[in-house]
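K.L.:
Quick one: the structure is below, questions incoming.
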Amino acid sequence: MPNSLPTLSVYRGRFAPSPTGPLHFGSLVTAVGSYLEAKSRRGEWLLRIEDLDPAREIPGASTAILNTLVTLGMEWDGEVLYQSRRNEAYRAAFEALEKQRMLYPCICSRKEIADSTIVGMDGPVYSGTCRARSVPIEDSAAWRVRTDNYPVEFTDALQSRIQQHLRADIGDFVLRRADGIFAYQLAVVVDDAEQCVTHVVRGADLLNSTSRQIYLQRLLGYSTPTYMHLPVVVNAVGEKLSKQTRAMPVDSSDPMPQLIMAIRFLGQTPPKELIKSSVASFWKWALENWKPETIPRKKCEFADIAYGVNTQARRQLLC
Ligand code: GLU
């Protein structure tokens, strides 16, 4: 008897680029890794444009990213979610936390915060000056969430067991900036829950953010997805590829060399002749041969983008 029941997807992944520029090799690696993890398990792969902060957005970048993904054969499931249209959802989560008395306004200047003598896992740890004082609620205050020192732990699929004590390692962190924009940490948690994401695959530059996100998920009563943090692509001087480090945009007119480089970066071993095949044959091979167990278990990895090869000697020096 044919099975007429719809198959329920138990894997929901996502790719969540910020439109601060066109897709470059670093973001391509994250897209390819998250896509292959989802599709090799017959899961869904959702797309979210993280355009929370208009000042950081480059006009046309969102459309350029979408077009590049389509040219590269990475079709997403469902509608694209744009964070710029989600303010009401972020506000509702913010108010829920406020009701729990987990938030407080903070009027410390950037300088006061940067001068903190305690340096944690992600820069200066906010000492909690405003936690104890009564700050008049004014529009120009940032809002922080109270943290505690209970360990937040999770097992990353590549980076092993991670534990943070948020109060000591990070400090109370901002959920709404002084200019009224909701912070990435809040938006990502609300959106992953809204999109029912079960598996987050992203760059290891966000590994230190994950405990903050798990903490917020618990406060908001959301479930916690599983996490896999892929090695971040760094250039010859050890910088993450980005618009600021002048990473070259992915060339949509010649996708194969870049797709091949991306899966090689992810520890896969495509046959030489694959470079001459079509994008569709590339994905067929990649899906049939995807081995997540061979992805390098590192936080960063050098890739020589100009020549298309990884050089062992430099790789060891940098990561
Ligand atoms: N928008 C972030 C970026 O482009 C990714 C956030 C995430 O995957 O959680 O780096």
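The values are calculated or read from the model by the stated rules, or taken from the named source; none is laboratory data. On a predicted model such as this, the values are computed, not experimentally measured, just so you know. Cβ atoms come from the backbone with ideal geometry, glycine included; neighbour counts cover every protein chain shown. When the accessible area is computed, the model is the full protein with side chains, heavy atoms only, and any ligands, DNA or RNA have been set aside. Shrake-Rupley method; radii C 1.70, N 1.55, O 1.52, S 1.80 Å.
K.L.:
Do you know which of the residues in region 175-205 that are over 21 Å from L97 (Cβ atoms) and in a helix (DSSP H, G or I) is nearest to the ligand (Cβ to nearest atom)?
P.N.:
D205
K.L.:
Residues in region 44-90 that are over 24 Å from M256 (Cα atoms) and either β-branched (V, I, T) or touching a residue at least 12 places away in the same chain (Cβ under 8 Å) (or both): how many?
P.N.:
So the answer is 20.
K.L.:
Here's another thing I want to ask about it. Among the residues of region 243-287, how many are on the phi > 0 side of the Ramachandran plot and either over 26 Å from the mean Cα position of the chain (by Cα) or modelled with pLDDT under 95 (or both)?
P.N.:
Selection size over region 243-287: 1.
K.L.:
In region 235-259, how many are surrounded by 21 or more Cβ atoms within 10 Å (Cβ to Cβ) and either away from the ligand (no atom under 16 Å from the Cβ) or not small (G, A, S) (or both)?
P.N.:
4
K.L.:
A further question on this structure: Which of the residues belonging to region 53-102 are over 23 Å from T30 (Cβ atoms), of a type outside the set (F, W, Y) and in contact with a Lys or Arg (Cβ under 7 Å, 6 or more places away or on another chain)?
P.N.:
M102 - this is the single residue of region 53-102 that is over 23 Å from T30 (Cβ atoms), of a type outside the set (F, W, Y) and in contact with a Lys or Arg (Cβ under 7 Å, 6 or more places away or on another chain).
Conditions (1) over 21 Å from the mean Cα position of the chain (by Cα); (2) buried (at least 17 other Cβ atoms within 10 Å of the Cβ), marked per residue:
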| residue | (1), (2) |
| --- | --- |
| A142 | yes, yes |
| D148 | yes, no |
| V152 | no, yes |
| T155 | no, no |
| Q159 | no, yes |
| Q164 | no, yes |
| V174 | no, yes |
| G180 | yes, no |
| Y184 | no, yes |
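K.L.:
Condition test on E57, is it away from the ligand (no atom under 16 Å from the Cβ) and surrounded by fewer than 19 Cβ atoms within 10 Å (Cβ to Cβ)?
P.N.:
Considered against the rule, which asks whether it is away from the ligand (no atom under 16 Å from the Cβ) and surrounded by fewer than 19 Cβ atoms within 10 Å (Cβ to Cβ), E57 comes out as no.
K.L.:
Which one is modelled with the lowest pLDDT among residues in region 21-51 that are open to solvent by 30 Å² or more (accessible area, probe 1.4 Å) and assigned to a loop (DSSP other than H, G, I, E, B)?
P.N.:
Applying the filter and picking the extreme gives P22.
K.L.:
Show the residue pairs meeting these rules: Cβ distance below 9 Å; 6+ apart or different chains; first residue within region 177-202 and closer than 19 Å to G33 by Cα and of a type outside the set (A, V, I, L, M, F, W, C); second residue within 12 Å of the ligand (Cβ to nearest atom) and part of a loop (DSSP other than H, G, I, E, B).
P.N.:
Sorted first by the residue in region 177-202, then by its partner, the pairs are D192/A16; D192/P225; T198/P225; H199/P225; R202/A16.
K.L.:
How about region 13-23: which of its residues are within 15 Å of the chain's Cα centre (by Cα) and either more than 10 Å from the ligand (Cβ to nearest atom) or within 23 Å of P59 (Cβ to Cβ) (or both)?
P.N.:
G13, F15, A16, P17, S18, P19, T20, L23
K.L.:
Could you please find all residues in region 206-261 being among the hydroxyl-bearing types (S, T, Y) and free of Cβ contacts under 8 Å to residues at least 40 places away in the same chain?
P.N.:
Y222, S223, T245, S253
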